[in-house]
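Notes to accompany the following structure.
The values are calculated or read from the model by the stated rules, or taken from the named source; none is laboratory data. None of the values given here were measured: they were computed from a predicted structure. Cβ sites come from the backbone with ideal geometry, for glycine too, and all protein chains shown count toward neighbours. SASA here: full protein model, heavy atoms, side chains in, ligands and nucleic acids out. Shrake-Rupley method; radii C 1.70, N 1.55, O 1.52, S 1.80 Å.
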Amino acid sequence: MRCWLKIEEMALEELMQRLNAVSQCADEIMHQDIIPLYAADIQDQLKKQFAYLSGGRGGDGCPVITFPDYPAFSEIPEKEFQNVLTYLTSIPSLRDAGIGFILVIDRRQDKWTSVKASILRIAASFPGNLQLVLVLRPTGFFHRALSDIAFRFNKDELKMKVPIIMLGSVSELQGYIDKTQLTEDLGGTLDYCHNRWLSRRTAIEGFAQKVKQTAQILQSFGTELAETELPNDVQSTSSLLATHTEKKDKMKEDIRVAVEQGDDILGSITKPVTENPDYKLNQDQLDNQTTVERLLAQLHETETAFDEFWVKHQQKLEQCLRLRNFEQNFREVKAALDIVSERLSAFTDVGNSRSHVEHILKDLANFKEKSDETVRKAKMLASERDAFIQSNHYAVDSIIPKCSELHHLCDAFTTETERRRKLLNKSLELHDLLEKSMKWCDEGIYLLASQPVDKCQSQDGAESALQEIEKFLDTGAGNKIKELNKIYEEYAHILNEDLKDHVQKVFQKQESMEEMFQKRQVSLKKLAAKQTRPVQPVAPRPEAFVKSPCTSPGLQRENVSNSESSALRRVNYRKGKSEMTELHQSRGGSTMDDEENLAVLRQHVMNELIETERAYVEELLCVLEGYAAEMDNPLMAHLIPPELQNKKDILFGNMEEIYHFHNRIFLRELETYVEYPELVGRCFLDQMEDFQIYEKYCQNKPRSESLWRQFSDSVFFQECQRKLDHKLSLDSYLLKPVQRITKYQLLLKEMLKYSKNCEGAEDLQEALTSILGILKAVNDSMHQIAITGYDGNLNELGKLLMQGSFSVWTDHKKGHTKVKDLARFKPMQRHLFLHEKAVLFCKKREENGEGYEKAPSYSYKHSLNMAAVGITENVKGDAKKFEIWYNAREEVYIVQAPTPEVKATWVNEIRKVLTSQLQACREASQHRTLEQTQSLPLPLPASSCASPSRNHIRNTKKMEEKKADLTSLEGCGTTVAPKYPEKGKGWAKPSHSLDASEENDGWSSAEEPLNSSDAEEEGGGGAGEIKLTPGKYTVVTDYDKGVSEEFTVKSGDLVQLIREGEDGLWFVKNLSSGREGWIPANNLLMLIGNSKSAQSLSSSESGTASSNLSTSSSCSDSCNVSSTSFSDIKG
């Protein structure tokens, strides 16, 4: 760089010297260095023509200056006179001017006095050397004679440096100066035009000035170019080069114009010769020609000097631009290399399974393929080093280190990529070894499990089994892990903590399996060594082993059946299970064999659970990276249809959340139970809340599938599938979460089969129940989101407990008779949604479409608040029917389930809701009763507070109708049953959205509902509180919450109340089961109803014995048992 700056300084200095020489030479040519006077400056004075230089020469080449007859000669200002004479004497060459001038003074038409004055003035002002003065005296006789006389007398006065010759005629003048050197007015033949002469002199001098100015401008421009600081970016450098080139082109254009100007002047001078070859130029014309030619030569010298300088300056700018391009490309390529190096550094995972390692290797290969372009660009840029050196670039010292750095980065990236690939191949090799070992162990365990126990009892059978074992152990040479330390040493550079633990577990499993083989070998050798007479094995009946307990805690033999879940197990597992089933059914083996076989089966299920979980996580990752991430890839944006952009969340739902849960939490937790498969239920229970995320995914699935069908043929999806090398399209993988959540319950069922009496059996059962609950919640939510027309917020109704389709009849007290009659005979098809706070009636509407679009929608019709709902469990004449009634049977809905089992499930669920409401209502009522009792001055009689009569209740209702400000007696304490809210704010009035044209079920009820339902009035049963006394009672509902955990009663059991203890507890004996225990009095009231005969309240209008849930008819009705009568308090 410094060398280049020195070269540029030298070039500028040379340019300045050459252009200064041109300027000086131009002044010398025009004699401006001696007399800086231009014709243009005194043009007006020269136009007066009182003196002129005609170009004529004397005999010895002296320039002739003619003073023509000028009447106003004496009036010419002295300054003008001196300027003209000075300018005229400066025109001839220095050599000619040194010889001296010949002055021709023409005064033929003048007076002697004027002649004398002119001669004196000329003699006093003439600036040059004089050789001869020729005066044409006046031609008049008098003045001629006078001039002769006066000249003689004034000769001394007129004495000059040169002789003055008085001539009387032109012919005498021609004796001194040749005729060809005299102008026509002096009788000569010299062609002279004063205006032409003046114009040419002005042009020559203007051209000389142009040459000088051009040289000076180029000097300034060269200095500007040399002093310009080079920019640091490509755009500025390119702009500077363009600007300087534009200025250079303008300067070149000015030079070209100046050359044309000089050529034109030269052409005008030589034009007479061109037109007439015989024409000879006078000396003045020849001098002009020489002057212009010399000026043109200086102009060419100026152009040449500038061109040489510009070549160097342009080279500098172009090299600078090339350098800036290199630097910019270097920064971009280096940044790209840093990015790919950083991404490469993220490939630290050595994989946790063979499939995982293969996936990482595939990702690494794809990454390397994409990074090759960056490496290629970097190497190509680094290869420009030689070109910079060959071109003798001024900044080669700074370019070479950058090129070396690029070579180093490329080599380092390539080396690191290869190193990581080798590490992954080593990891793949280790996982192959581990999988071989695990497979060998599984095959060994299967071999042990598949050996028939009965055949091993004989000597031949034992020997055969021993041979099978020995033959199998021989296959372990190439499959098992031989020395753990050697594995650690060989794979030390890839063994992280997780992988090391995995190796240890596999090795432990291998050792455990080998230990099992050793034990089996010992047993078989003993059997083979026996020489006793063979014992014919007798296969006992299978019933004898169904409930045979295991000697070891936690194990129980079980008859294995071929269920639908057997299809989920691997082929070898199916075979082992089948053989084990035959074994269990045919004969009973030893307890050790039973335990061993169950352990093998549990381990098979556990292996399948973990292996499929790993595969599931890999598939989710593959979809997220291969499809979801690619939707944000700018390089793939052109393949994505505009309508699909920004819809990734719809297409994939919360799959990423599901992936992170399984990859970071659940899979790792499962792997910790690999040696304890019977305890895996706890793993599911610990993470059960996280499984709720599947509900969100399933709810989004219809939208996702609809979006997929619109764009399944998109080039984007095809390209992603091609890159992933998938045989199945994306929709198959989007279904994986739905398939996975349903598979867990199958695997848990299998595990539970082989873990009946193990330590974790209860956890497995609870986990299975929870998973099934989640599946039910997911299924119910899929139906719930299809409800349309409901104005309120469904979430405010509490948890969705049940949903299903039923036939519904209505039987209301109020309404038009015709509508009632029609409603009794023709059922409505309704889909019911049971929530904690309400039951919704909807009409199912099938939709057209494919896939999830075939799912029905549910048109909301009306709803019932559970606080005012009661049920009748049995309806005469149909075991599938039950009643849901509302507000003391003002509205009655006869519901027919598809099967008696569905009916029982719904009745039990509704009973649970009403029972929980009843319990909460009683507790609140007792609390309020206590507060009211404490506020009275005197205590009330127990009979008036605890057992209000039926007539008293009816009287109270009448008082309520008359006094709107009084509170219902039959509400929970002082709380009345909730009324319907305003339309559009949650609860709808019973003016249901049914029209008469729709199955003739249209009706409306505008009457205000009652505050409570009266089960006694409808069913004829007593509603007063029962005073508990010792005796026998029939239980009307199940109960399992006694003080003693072992004491439970079921509906229909006969119990005996023995005695009342402290804290409101009764000691009760279950006569059906013989068990005894303590039960709170409040719970007894719910269990035994209101009579010793244990008759439940009847709700049928005919008074038949169809049972009705007395404690669940309505919250307000049931609370009468423990509530305090408002009228009694008042009375």
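Worth a mention:
- Taking the criterion of being within 17 Å of Tyr192 (Cβ to Cβ), open to solvent by 20 Å² or more (accessible area, probe 1.4 Å) and polar (S, T, N, Q), the only residue of the stretch 286-302 that qualifies is Gln289.
- Selection from the stretch 808-834 of residues that are open to solvent by 20 Å² or more (accessible area, probe 1.4 Å), of a type outside the set (Phe, Trp, Tyr) and modelled with pLDDT of 90 or more: Gln829
- Being touching a Ser or Thr at 6+ places or on another chain (Cβ under 9 Å) and in contact (Cβ under 8 Å) with a residue 60 or more places away in the chain holds for only one residue in Asn325, Asn288, and it is Asn325.
- Some residue of the stretch 412-421 being more than 28 Å from Asn496 (Cβ to Cβ), open to solvent by 50 Å² or more (accessible area, probe 1.4 Å) and either not polar (S, T, N, Q) or not in a helix (DSSP H, G or I) (or both): no
- When restricted to residues that are open to solvent by 60 Å² or more (accessible area, probe 1.4 Å) and over 18 Å from Arg200 (Cβ atoms), the stretch 250-272 contains 4.
- Scanning the stretch 903-918 for residues that are out of contact with any strand residue (DSSP E or B) (no Cβ under 8 Å at 6 or more places or on another chain) and either aliphatic (A, V, I, L, M) or buried (at least 16 other Cβ atoms within 10 Å of the Cβ) (or both) turns up Ala904, Thr915, Gln917, Leu918.
- Residue that is farther than 26 Å from Lys334 by Cα and at pLDDT below 85, where the choices are Leu434, Leu424, Leu447: Leu447
- Scoring Lys756 on the criteria (1) basic (Lys, Arg); (2) out of contact with any strand residue (DSSP E or B) (no Cβ under 7 Å at 6 or more places or on another chain); (3) surrounded by fewer than 20 Cβ atoms within 10 Å (Cβ to Cβ) leaves a single failure, condition (2).
- Residue satisfying all of: in the stretch 77-120; of a type in the set (Lys, Arg) and free of Cβ contacts under 8 Å to residues at least 40 places away in the same chain; least open to solvent (accessible area, probe 1.4 Å) among these: Arg107
- Hits in the stretch 888-914 - residues which are part of a loop (DSSP other than H, G, I, E, B) and within 21 Å of Met1086 (Cα to Cα): Ala888
- Among the residues of this structure, Val357 does not count as one that is in contact with a helix residue (DSSP H, G or I) (Cβ under 9 Å, 6 or more places away or on another chain), of a type outside the set (Lys, Arg), under 22 Å from Glu416 (Cβ atoms) and not in a helix (DSSP H, G or I).
- The condition of being in contact (Cβ under 8 Å) with a residue 60 or more places away in the chain and in a strand (DSSP E or B) does not hold for Gly61.
- Subset of the stretch 469-489 that is in a helix (DSSP H, G or I) and surrounded by 15 or more Cβ atoms within 10 Å (Cβ to Cβ) - its residue that is farthest from the chain's Cα centre (by Cα): Ile469
- Checking each residue in the stretch 229-249 for being within 23 Å of Phe207 (Cβ to Cβ) and surrounded by 12 or more Cβ atoms within 10 Å (Cβ to Cβ) picks out only Lys248.
- Condition met for Thr202 (polar (S, T, N, Q), over 22 Å from Lys247 (Cβ atoms), open to solvent by less than 50 Å² (accessible area, probe 1.4 Å) and not in a strand (DSSP E or B)): yes
- In summary, Ala492 fulfils each of the numbered conditions (1) of a type in the set (A, V, I, L, M, F, W, C); (2) in a helix (DSSP H, G or I); (3) open to solvent by 50 Å² or more (accessible area, probe 1.4 Å); (4) within 30 Å of Ser345 (Cα to Cα) with the single exception of condition (2).
- Where Lys505 falls short, out of the listed (1) surrounded by 13 or more Cβ atoms within 10 Å (Cβ to Cβ); (2) under 27 Å from Tyr673 (Cα atoms); (3) without any contact (Cβ under 8 Å) to a residue 60 or more places away in the chain: (3)
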